[in-house]
Amino acid sequence: MSQRFKIGAALLACASGCALAGAAAAHGFAGDRFFPATLQTDDPFVADEASLPTLTENPADPAGGQSYAVEADIAKRLTSDFGLTAAYSWNYFQPKGAAPQYGFAGLSTGAQYQLFINEQHEVMGLLGLDVDWGHTGAVSHGGADDHTTLSPVFDFGKGFGDLPDSLLWLKPFAITGNIGASFPTRVDSNGDLNQGTFNAGFAIEYSLEYLQHHVQDIGLSAPFDRMIPLVEITSTTPFNRGFNRDSGLTNQAGNGTTGIVAPGVIWAGQFSQVGAEAIIPYGEGQGHGLGVLVQLHFFLDDLFPDSIGRPILGSGQLFGA
């Protein structure tokens, strides 16, 4: 399985090399600042885009088991400031010393509303509601929960191109992030309490594209002038439903903060981007070692500007002019 993953990653790298270079289009922009589609955290903009595929080799779990995932995601605007998202994945889990389990995880969907975009200060904000739909009927072998989880979230992005010229080399920096909470619709699953969680994630980016084309010409050429090195950090902290003294139920996931640190790089062209990150887990019960994620991402509004890349309800905003 590991060898297959490496072959898939090589194919993605080849595909990115064939993508047409050029300036990225309107989505993800605040003034001169282009915010790429990050790999671990939510994007702060509505868009017409698709990730196909996202390949993940997770770090080994505490017992030495290994898991892999192949995921497809799509985002579609209904209006210029309101959009929907959907994601579906196939998971493979190889426990140490046991038979493998594999199958499809539950469907994840979302609704997003663009609150604001300030071009002068390179800042944007978005409100969203993510829904992880649980499976019904037979037990899922792909990791789907037996309950639905609702997760309201605020996503933001801020570029630092408005810093004074005395801080020239800091201008390419940007930060994006998301702050939210998850609320399971079922209290317990087979004796294991389902916790509500506080979720946060941040991406710290240094855009070589912004440096070369909007700050100072330092002689970068393709493909380096389209690269964005970044580090993403996620955290999940339970805020209820640990050990229940009355019922005797516990939550096997623990009560501490867990997450990942993911250093990597994104290359963004006019019609697509490719990204790769290492996955470093931290926190209780998070396993050990390193994982890796590789993603090929398409900008549908650039590829198909007159058809599926346009808002379904035209270019008007959902609220107001």
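Couplings 3J(HN,Hα) of the stretch 164-169, computed from phi: x, 5, 5, 10, 3, 6 Hz, in residue order, whole Hz [Karplus 6.51 cos²θ - 1.76 cosθ + 1.60, θ = phi - 60°; x for Gly and Pro]. Annotation for the stretch 257-286 versus the stretch 193-228: alpha-carbon center distance of 12 Å. Model label points for VAL265 and LEU168, set 7 angstrom from Cα along the Cα-to-Cβ axis, are 2.4 nm apart.
What the phi angles of the stretch 112-129 give under the Karplus curve with 6.51, -1.76 and 1.60, with θ = phi - 60°, is a coupling list of 9, 10, 7, 6, 6, 9, 10, 5, 4, 9, 6, 10, 8, x, 8, 9, x, 9 Hz, glycine and proline written as x.
Packing around the peptides 182-195, 55-68, taken as the average count of other Cβ atoms within 10 Å per residue, puts them in this order, highest first: 55-68, 182-195. Close amide H partners of GLY103, meaning residues 5 or more places away or on another chain with modelled amide H under 5 Å apart, are ASN91. Inter-label distance, ALA86 to ALA98: 3.3 nm, where each label sits 7 Å from its Cα along the C-beta direction.
Across the stretch 282-294, computed HN-Hα scalar couplings (Karplus, 6.51 cos²θ - 1.76 cosθ + 1.60, θ = phi - 60°) run 9, x, 4, x, 9, x, 8, x, 10, x, 8, 10, 10 Hz from first to last residue, x flagging Gly and Pro. Between ARG33 and any residue 5 or more places off or on another chain, the built amide H atoms are never under 5 Å apart. Normalised by the number of residues in the stretch 64-208, the average gap of Cα pairs under 8 Å and 6 or more apart makes the relative contact order 16 percent. Straight-line reach from LYS96: taking Cα to Cα under 12 Å and skipping same-chain neighbours fewer than 8 places apart, the aspartates and glutamates in range are ASP61. Straight-line cross-link partners of LYS171 among the aspartates and glutamates, defined as a Cα under 14 Å from its Cα and at least 8 positions apart when in the same chain: ASP32, GLU122, ASP162, GLU205, GLU209, ASP217.
Here, each number is a calculation from the coordinates, and none is a lab measurement. These numbers were taken from a predicted model, which means no experiment stands behind them. All Cβ positions, even for glycine, are placed from backbone atoms using ideal geometry, and neighbour counts span all protein chains on display.
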